[in-house]
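Novice: Below: one structure in structure tokens.
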Amino acid sequence: MLPFVELGGVRVGTHDLFSIAGILVGLAIYYRELRRRGMLDERILFISLAVLIGGGIGGRLLLAWEHLPAYEDLGTAPLTWVIEHSGKSLLGAIVGGWIAAVVAKWAFRYTRSTGDCYALAIPVAVAIGRVGCLLSELPLGTPTTLPWGVSVPASAAAAFSRCPGCDLPMHPSMVYEILFNLVAIAVILRYGRRVPVQGDLLKAYLLAAFVFRFLVESVRGNEPQAFGLTGPQLVLIPLAALLVVHFVREARSGLWRVPSAPPPVPAGVTGG
């Protein structure tokens, strides 16, 4: 475990370091794609800022019910302590960023689709951020007998107030998410430009990511909240359902239908 790193004599949380690195790399990819498409202007800068702010708020609030004690200490405990113990949700960041983008676009009367500009940036940012999770968070996952189970020293587990199964080899659930996003990056780079509908590349990635995250939650070690499901799983069900409805509607309307090839021109016939 490596919860902290020293940078120029300053102690920095490993999770925060990789999270910031992921955001910066993701933003660089996003703006490169905006520039490639000729979409950089003053309005898109303000919309992007709104997405960052919305993502930050959503990342804290979506699963806030799982960390209510930290919010009860707001006003009495140091703000840094509340921020550190109030939970962080990647799903919340995505939802908050999406809502902020919709509101900001409406406010600026911006009608162009920018979703696909995030399609490569998000999996790259997530893969980098999950490295920080892998190095600094416990439990890594539920206990496993698989050969790639990861064990941690008892001293590392003792630093966490809750670490079920940390005395046994654990599923490296963060590694699973890193590998998923690396595969997603390769698929997007190879086939992304074949998606015929603007904005659907990002939606396709999100649907795949939501389904994968729902499945990997079974080995992450999070406590069930209701119906035997964890908090993220409860959030993922409606999010994935909305995307499924979106793609079903598009399939019925024929937006993804590939046009038939024109009939061959008979030999000896030329255009007039």
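Coordinate-derived values only; no laboratory data. None of the values given here were measured: they were computed from a predicted structure. Heads up, the Cβs are rebuilt from the backbone with ideal geometry, glycines too, and the neighbour counts pull from every protein chain shown.
Novice: Whether any residue in the range 189-197 is under 20 Å from the mean Cα position of the chain (by Cα) and touching a residue at least 12 places away in the same chain (Cβ under 8 Å) is what I want to check.
Specialist: yes
Novice: What do you reckon, is residue 117 in a loop (DSSP other than H, G, I, E, B), surrounded by 19 or more Cβ atoms within 10 Å (Cβ to Cβ) and more than 13 Å from the chain's Cα centre (by Cα)?
Specialist: Details: in a loop (DSSP other than H, G, I, E, B): no; surrounded by 19 or more Cβ atoms within 10 Å (Cβ to Cβ): yes; more than 13 Å from the chain's Cα centre (by Cα): yes.
Judged against the criteria, residue 117 is not a match.
Novice: Could you list all residues from the range 25-44 that are over 19 Å from residue 96 (Cβ atoms) and assigned to a helix (DSSP H, G or I)?
Specialist: Initially, the range 25-44 is screened for residues over 19 Å from residue 96 (Cβ atoms), giving 25, 28-29, 31-43.
Selection gives 25, 28, 29, 31, 32, 33, 34, 35, 36, 42, 43.
Novice: Just for the range 150-208: of the residues that are of a type in the set (S, T, N, Q) and crowded, with 18+ Cβ neighbours inside 10 Å, which one is farthest from residue 248 (Cα to Cα)?
Specialist: My answer is 173.
Novice: Quick check on this structure: which one of 226, 154, 209, 158 is in contact (Cβ under 8 Å) with a residue 60 or more places away in the chain and among the small types (Gly, Ala, Ser)? Walk me through how you get there before you give the answer.
Specialist: On the way: 226 fails: in contact (Cβ under 8 Å) with a residue 60 or more places away in the chain; 154 fails: in contact (Cβ under 8 Å) with a residue 60 or more places away in the chain; 158 fails: in contact (Cβ under 8 Å) with a residue 60 or more places away in the chain.
Checking each option against the conditions leaves just 209.
Novice: Moving on to the next point. Could you check the range 1-16 and list, in sequence order, the residues that are over 23 Å from the mean Cα position of the chain (by Cα) and of a type in the set (D, E, K, R)?
Specialist: 6, 11, listed by residue number.
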